[in-house]
C-alpha cells in the first residue's frame, strides 16, 4: 500500500496528465498552486477548476470549466465506529437516517460514507478546510439517487451533487457549482458512467487510477 505522501504525488501527476490530455496545456502552463486552505488551482488558468483525492492506494482527479469543484473518495472497509463518528460530526437528521432499522449493516456503511464524502467534497468546492467548517452544518438528505442539501449554499450558482460506489470498497462524491456533463473517464478504468448525462451539457472530466 503506497504512503499518503506517494498517493498525494500520484494525484498531482494524474491531474497534470488530465489537463494535458483535455486542454492541450504546455508544461509551463501546468503550474499548480494551492490556496491557504490547500485547494489546488492553476496559476495561469484560473478558469479551470480542479480537485484531487486519494484513499487507501487509489487516487482520483477531476477538472473542468466550472466556478467551483470538489471531489472526495473514501475506503469503506477501514475500521471505524459509524455511530460514534456520526453522533459527533453529523446533523441530527443524518444521524436519524443512519439509525433506520430497515437498513442492513452494509447499507448503513454505504449511507455513512456517501454522507461523509459529500461533506468533504463540499468543503473542497467551497475552498475551506475540515477545521474551518462545521461538518454537522454541511448536511444532506439521501433518497435513492436524489441528494438534497440541508444547508444554504452560495445562491448565485447552480450546485450539483453526485455520489458513486466503486466496486465494494470505495465511495466517491463530486460537488460542482454548475450543472455538468460527466463523460466516461480516460483513465485505467471507468470512473463516471454514461448515466451521468443527467447532469446537463457542460463538459467536465474525471480520471481515476488504482489497482485492478
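The values are calculated or read from the model by the stated rules, or taken from the named source; none is laboratory data. Keep in mind it's a predicted model, so treat the numbers as computed, not measured. All Cβ positions, glycine included, derive from the backbone under ideal geometry; neighbour counts span all protein chains shown.
Data table
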{"read-out": "Top-ranked residue in segment 73-107 [being outside any loop (DSSP other than H, G, I, E, B) and in contact (Cβ under 8 Å) with a residue 60 or more places away in the chain; ranked as surrounded by the most Cβ atoms within 10 Å (Cβ to Cβ)]", "value": "73"}
{"read-out": "Segment 11-34 residues that are closer than 11 Å to residue 52 by Cα, paired with ones that are modelled with pLDDT of 80 or more and surrounded by fewer than 16 Cβ atoms within 10 Å (Cβ to Cβ) (beta carbon under 9 Å, 6 or more apart)", "value": "12/32; 15/32; 16/27; 16/32"}
{"read-out": "Residue, surrounded by the fewest Cβ atoms within 10 Å (Cβ to Cβ), within segment 17-39, restricted to residues that are touching a helix residue (DSSP H, G or I) at 6+ places or on another chain (Cβ under 9 Å) and part of a helix (DSSP H, G or I)", "value": "27"}
{"read-out": "Top-ranked residue of segment 124-146 - restricted to ones that are surrounded by 15 or more Cβ atoms within 10 Å (Cβ to Cβ) and in contact with a helix residue (DSSP H, G or I) (Cβ under 7 Å, 6 or more places away or on another chain), ranked as modelled with the lowest pLDDT", "value": "133"}
{"read-out": "Restricting segment 46-72 to residues that are more than 18 Å from residue 178 (Cα to Cα) and in a loop (DSSP other than H, G, I, E, B), the residue that is modelled with the highest pLDDT", "value": "56"}
{"read-out": "Test result for residue 153, at pLDDT below 50 and either assigned to a loop (DSSP other than H, G, I, E, B) or surrounded by 19 or more Cβ atoms within 10 Å (Cβ to Cβ) (or both)", "value": "no"}
